[in-house]
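A short worksheet on the structure shown next.
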Amino acid sequence: MQPATHVLVVSADEEWRAQVVQGLNAAAARLPNPFGLVAVGCPCDAASAAEAVLATGPTQADLQAVVIDHGPRGAGAQGAQAVLAAQRIIDLRPELSLYMVLEDDADKLLVEQLASNAVDGYFFRGEQDHTGWFRILAAEIAEKAETPFYDALKDYVAQAKDSWHTPGHAGGDSFRGSPWVGDFYDFVGEEMLRADLSVSVPELDSLLHPTGVIAQAQKRAAKAFGARATFFATNGTSTSNKVIFQTLLAPGDKLLLDRNCHKSVHHGVILSGARPVYLDSSVNRHYGIFGPVPKATLERAIAEHADAKVLILTSCTYDGLRYDLKPIIAMAHAAGIKVIVDEAWYGHARFHPELRPTALECGADYATQSTHKVLSAFSQASMIHVNDPGFDEHLFRENFNMHTSTSPQYTLIASLDVARRQAVMEGYRLLDRCLKYAFELREKINATGAFRVLELDDLLPEEVRGDGIRLDPTKLTIDISASGYSADELRAELIGRYNIQVEKNTHNTLTLLLTIGTTRSKVSRLFDAMLRLAKEKRPPRVYHRVPEAPRFTELACLPRDAFYEAGERLPLIDEQGQPNASLAGRICCDQIVPYPPGIPVLVPGQVIDPVIVSYLVRLLQTQKSIDLHGLALVDGELHLRVLKPEERAALPAR
């Protein structure tokens, strides 16, 4: 299927505009045109060009490039408007290619002074070489659409070379024809197995030290996502966070972090030997949802800990809550603190103006993104984006290689290359569709009477209402309180009766994740299921009061010190079936994490109090679908690993 590529020609000169559109389309009909390039005239002047780019209609969805007429010599206000329009268009849609049409080089100098970062190339009015212009535009689109690594992998697999290297299945030959595992060959497919190759293939570059097609693919990703440098990660954003921590932090260095960051951040604290300052986030107690750290808390922490090396925040959260990052990052930078933003759930934001600005656009030094969560990469495929002016690539590479397999899965790398291409070429169209579906589902689900999609005002904890928090509309949190179902029952009904799997739940909510793969038929099936369940009109039920997530207590020692001690294991529940009172005052050695959402209740080195023990016990009693990571199973009972008294005495104080 051939793609459609629209080029918008903007000019206040109607006759000139018509000539350019006609000339470009004549060249498109005569010359090879694999991307279906079509020129479309914009019936407006440069001043309203930015609005035209966002206008409704088919042109907008397939728009790849904009040609703006600067006007003839002496255009004055028209020329100034053209330059401003160029900057505004790239502010709105940074993935678009933008060309200016100038009278001469003097105009070019002026444009470069005002909008050099926005313009990809120039044409000159006096040339009127529409065939040449078409070739340049077609080459620009082709370059954006290139997938260097995927193309090399595909070409190599097509050559069907004999494998005398790892992996042992040798392109699937060990599976094919086997009476025991031959079905796996059929299930996975020949191409996927042949693409599972070894680092012995030099044509496919090395993820650990890329100089060829992987380096080229990463360079294109950096441009697409607005980074100085981008690195592909095949161990997920969890490993990406750890790599950055070990790059920026030496043992004993201080960092500021949301206590409710993903568990990988806390693992990074252990591995780096850093000294954490944990910041309690806001909590929506009615729905059991964690929100951002209050801005006042961040301001106070930055002021009190100006010696901190790093601040890390999660934006957006699992439930779609986004910080107003720009003033926070500016405040941290003013104190000399580098900022990492875990954007695992927000890697798609760059490609639609309703979702921007991204962390990098707000000034973050590092952003980690799970390209697989909303975009089209395979699971575990993530990206690390770097904008740190003091970035030490050698040190970063050493830490990256410490965590990266020497036998990476090449199809994961290819999926990142392809996901970048799709995001650049059709991300806007797909995300626009996704946002429309999200709005539609909100209306339809609310109309059932039994279910209600929560809005920003419903989700925001009280303490962050004035902090400029925004909501990612692609994450729908549904209040099920009026339905008569428990969350566990509702999940079971949706998967058992309707083949619908949701992202997560709390005691009285379900979370749905819309992605660029959400389709009209999926929307229809979901609404049909919700409507049928609503019509059953179950009597209201009394929900168990969900235990309130306890606040952070204090650290008795560095997390790394506690983690690496042997410790002893004490039961979570005593012989009378009550929360074990003997745990109070002990120092935890492990990270205790309810999953989902993967936010620690205890971290290594933290002092345990009775509130935390009671919370864990009640969580086990009321939230059957949640796993509690970090507890040890001893003789069928759950135990906490804590420091022995003599170990605590021997450790240096925090």
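Okay, here's what the table says:
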item: Residue within the range 415-432 that is assigned to a loop (DSSP other than H, G, I, E, B), open to solvent by 10 Å² or more (accessible area, probe 1.4 Å) and at pLDDT below 95 present; result: no
item: Within the range 603-618, tally of residues that are more than 11 Å from Phe552 (Cα to Cα) and open to solvent by 10 Å² or more (accessible area, probe 1.4 Å); result: 4
item: Scope the range 179-188; condition part of a loop (DSSP other than H, G, I, E, B) and surrounded by 12 or more Cβ atoms within 10 Å (Cβ to Cβ); matching residues; result: Val181
item: Cβ pairs under 9 Å, 6+ apart, first in the range 250-263 and under 19 Å from Leu602 (Cβ atoms) and without any contact (Cβ under 8 Å) to a residue 12 or more places away in the chain, second open to solvent by 30 Å² or more (accessible area, probe 1.4 Å) and assigned to a strand (DSSP E or B); result: none
item: Residues satisfying the stated conditions in the range 443-497, i.e. in contact with a helix residue (DSSP H, G or I) (Cβ under 9 Å, 6 or more places away or on another chain) and among the polar types (S, T, N, Q); result: Thr448, Thr474, Thr477, Ser483
item: Segments classed as strands (runs of 3 or more DSSP E), wholly inside the range 602-652, with at least 2 members that are in contact (Cβ under 8 Å) with a residue 40 or more places away in the chain; result: 632-634, 637-642
item: Residue count, the range 128-157 (criterion: assigned to a helix (DSSP H, G or I), under 18 Å from Val418 (Cα atoms) and open to solvent by 40 Å² or more (accessible area, probe 1.4 Å)); result: 5
item: Qualifying positions in the range 86-127 - modelled with pLDDT of 75 or more, of a type in the set (A, V, I, L, M) and surrounded by fewer than 17 Cβ atoms within 10 Å (Cβ to Cβ); result: Leu92
item: Among the residues listed as Phe400, Phe378, Phe396, the single one being assigned to a loop (DSSP other than H, G, I, E, B) and crowded, with 17+ Cβ neighbours inside 10 Å; result: Phe378
item: From Asp561, Asp590, residue being outside any loop (DSSP other than H, G, I, E, B), open to solvent by 20 Å² or more (accessible area, probe 1.4 Å) and at pLDDT 90 or above; result: Asp561
item: Residue selected from the range 497-521 under the condition among the aliphatic types (A, V, I, L, M) and part of a loop (DSSP other than H, G, I, E, B), by the criterion farthest from the chain's Cα centre (by Cα); result: Ile500
item: Pair list, Cβ under 6 Å, 6 or more apart: the range 282-296 residue among the β-branched types (Val, Ile, Thr), other residue assigned to a loop (DSSP other than H, G, I, E, B); result: Val283/Pro461; Val283/Ala549; Ile289/Asp319; Val293/Ser281
item: Residue ID - farthest from Ile599 (Cα to Cα), chosen from residues in the range 333-345 that are surrounded by 24 or more Cβ atoms within 10 Å (Cβ to Cβ) and touching a Gly at 6+ places or on another chain (Cβ under 9 Å); result: Val339
item: Those residues of the range 189-221 which are hydrophobic (A, V, I, L, M, F, W, C) and either farther than 26 Å from Thr368 by Cα or buried (at least 20 other Cβ atoms within 10 Å of the Cβ) (or both), in sequence order; result: Met192, Leu193, Ala195, Leu197, Val201, Leu204, Leu207, Val213, Ile214, Ala217, Ala221
item: Test for Arg491: is it under 21 Å from Arg442 (Cβ atoms), open to solvent by 60 Å² or more (accessible area, probe 1.4 Å), in contact (Cβ under 8 Å) with a residue 60 or more places away in the chain and not acidic (Asp, Glu); result: no
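The values are calculated or read from the model by the stated rules, or taken from the named source; none is laboratory data. All values derive from a computational prediction rather than experimental measurement. Here the Cβ is made from the backbone with ideal geometry for all residues, glycine too, and neighbour counts use every protein chain on show. With ligands, DNA and RNA removed, areas are computed over all heavy atoms of the protein, side chains included. Shrake-Rupley method; radii C 1.70, N 1.55, O 1.52, S 1.80 Å.
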